[in-house]
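Down below is the structure, laid out as structure tokens.
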Amino acid sequence: MAQVWVRWDFAWEAKPGKHTVTVQATDCNASDQDAVARIVLDKRWQRVSDGLGAEQSPFSQGTLCNFRLRLLQRHLDKTLLERTVALAERLGGGAR
């Protein structure tokens, strides 16, 4: 799976997880609660969260909410989206 790079507490992290689910939830207009449920019920969301075959979500609704708030506080929400779009373009992902 392609990696999305996110600056987090002055370090760059390249593991799929909260940031990829945050982008997916934004794209699907899903709430944090819905995103957590979709990770368990939908294999596409499991793949995004690096949890294929998961019976439980790797994180809670509160964790996603806190992560998004930290992105916003550090003004990294736009950076996350820009890097995700750039990565998709580099990998040949097309627009819908």
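Just so you know, all these numbers are worked out from the coordinates, no wet-lab data involved. Bear in mind that the values here come from a model prediction, so they are computed numbers and not experimental data. Heads up, the Cβs are rebuilt from the backbone with ideal geometry, glycines too, and the neighbour counts pull from every protein chain shown.
Residues in region 72-91 that are touching a residue at least 24 places away in the same chain (Cβ under 8 Å), part of a helix (DSSP H, G or I) and of a type in the set (D, E, K, R): 1 in all. Consider PHE59 carefully, then state whether it is in contact (Cβ under 8 Å) with a residue 40 or more places away in the chain, among the aromatic types (Phe, Trp, Tyr) and not in a loop (DSSP other than H, G, I, E, B). Spelling it out, it is not the case that PHE59 is in contact (Cβ under 8 Å) with a residue 40 or more places away in the chain, among the aromatic types (Phe, Trp, Tyr) and not in a loop (DSSP other than H, G, I, E, B). Looking at ALA54, ALA37, just one residue is over 21 Å from THR84 (Cα atoms) and not in a helix (DSSP H, G or I), and that residue is ALA54. Taken over region 40-51, the criterion of being more than 10 Å from VAL21 (Cα to Cα) and part of a loop (DSSP other than H, G, I, E, B) is satisfied by ASP42, GLY51.
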